[in-house]
Amino acid sequence: MGTIITDTKLEVIGEKVNNGIRLTIEDGLYLFESPDLLGIAQLANQVNQKKNGDNVYFIENMYINPTNVCEANCGFCGFKRKPGDEGAYTMDSDALLEYVEKRWNDNIREFHIVGGHNHEVPFDYYLNTIRTLKKHYPNVTVKAYTGAEIEFFSRISGLTMKEVLEELIKAGLDTLPGGGAEILTERYRLKMSLIKRLLING
Ligand code: SF4
């Protein structure tokens, strides 16, 4: 099936993609502004198919949610618990290691960690989660805490977000997961919660 591009300004970029010519910064900026998302997706897929064919690459990770206690009230969330609620939990180091040991296999290359904004424990708890994992699994990448959690840590610790990130890196953080930063804007967070509520309630 041929590529269907509705934004005629994208055609020049499409030509370059077809001919394997490197895009310029200006082309990149235009891709960001163009409303033709499907056209861009098809061009991106063309490049991907050319480079990788039908091969798909992935790594095996282990997902860990050290606590489900959370001070936030996102309307779409079925995960959070208030302190003392039935099912509320906060793993200490032993529980964390037990959780990992039970699920461990030698192909795992990353710990992916997100959880509630638990204000019942200090910032050091979150640092210690990373320290514990790094101590016992030094070769596994720790991808932990979204942008929303970084903002939360800054509030509970009194540190700036930069200082929070520095402390996390010192503890062994390698990278952040992508989710969460989009809800740092109160206006957008509210919008997302309202839309989800409307969808759920019909
Ligand atoms: S911050 Fe996360 S855990 Fe807390 S209510 Fe929102 S989605 Fe749920």
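In this simple spin-label approximation, Ser157 and Arg103 carry label points 7 Å from Cα along the Cα→Cβ vector, and these lie 2.4 nm apart. In the context of the full set of protein chains, residues of the range 10-52 present 73 Å² of accessible surface per residue (probe radius 1.4 Å, heavy atoms only).
Over the range 70-137, accessible surface divided per residue gives 57 Å², non-protein components excluded, 1.4 Å probe.
Summed over qualifying helices (DSSP H, 4 residues or more, each -39500 (n - 2.57)) and divided by its residue number, the chain shows a 222 nm mean residue ellipticity of -15000 deg cm²/dmol. With Cα atoms as the point set, the radius of gyration and Dmax of the range 68-141 evaluate to 13.7, 38 Å.
Length available on full extension from Ile169 to Ala72: 0.36 nm per residue minus the Cα-Cα distance, which gives 32.4 nm. For Ile113, the residues whose amide H sits under 5 Å from its own are Ile64, Lys143, Ala144, Tyr145, ignoring neighbours fewer than 5 places away on the same chain, with H placed 1.01 Å from N.
Each of the peptides 31-42, 127-138 was scored by the mean count of other Cβ atoms within 10 Å over its residues; in descending order, highest first, they stand as 127-138, 31-42. Of the peptides 17-23, 4-10, the ranking by mean beta-carbon count within 10 Å, highest at the top, reads 4-10, 17-23. Within the range 10-52, the ratio Rg/Rh, alpha carbon atoms throughout and Rh by Kirkwood, equals 0.93.
Given a 1.4 Å probe and every protein chain left where it sits, what share in percent of the accessible area of the range 60-184 is carbon and sulfur? It would help to have the intermediate numbers written out before the result.
On the way: 3140 of 6520 Å².
Summing carbon and sulfur atoms, their accessible area is 48 percent of the total for the range 60-184.
Residue separation of Thr6 and Glu86 scaled by 0.36 nm, minus their Cα-Cα distance, works out to 23.5 nm of gained length. Each principal axis of the Cα atoms in the chain has its own extent, and those three values, largest first, are 58, 44, 34 angstrom. The label point for Lys50 and the one for His136, both projected 7 Å from the Cα toward the Cβ, are 4.8 nm apart. The portion of the accessible surface of the range 10-52 made up by carbon and sulfur, rounded to a whole percent, is 61 (1.4 Å probe; DNA, RNA and ligands excluded).
Distance between the C-alpha centres of the range 127-186 and the range 72-124: 14 Å, rounded to the whole angstrom.
The values are calculated or read from the model by the stated rules, or taken from the named source; none is laboratory data. Keep in mind the model is a prediction, meaning the values are calculated, not measured. Here the Cβ is made from the backbone with ideal geometry for all residues, glycine too, and neighbour counts use every protein chain on show. Heads up: the accessible areas ignore ligands, DNA and RNA and are worked out on the full protein's heavy atoms, side chains in. Shrake-Rupley method; radii C 1.70, N 1.55, O 1.52, S 1.80 Å.
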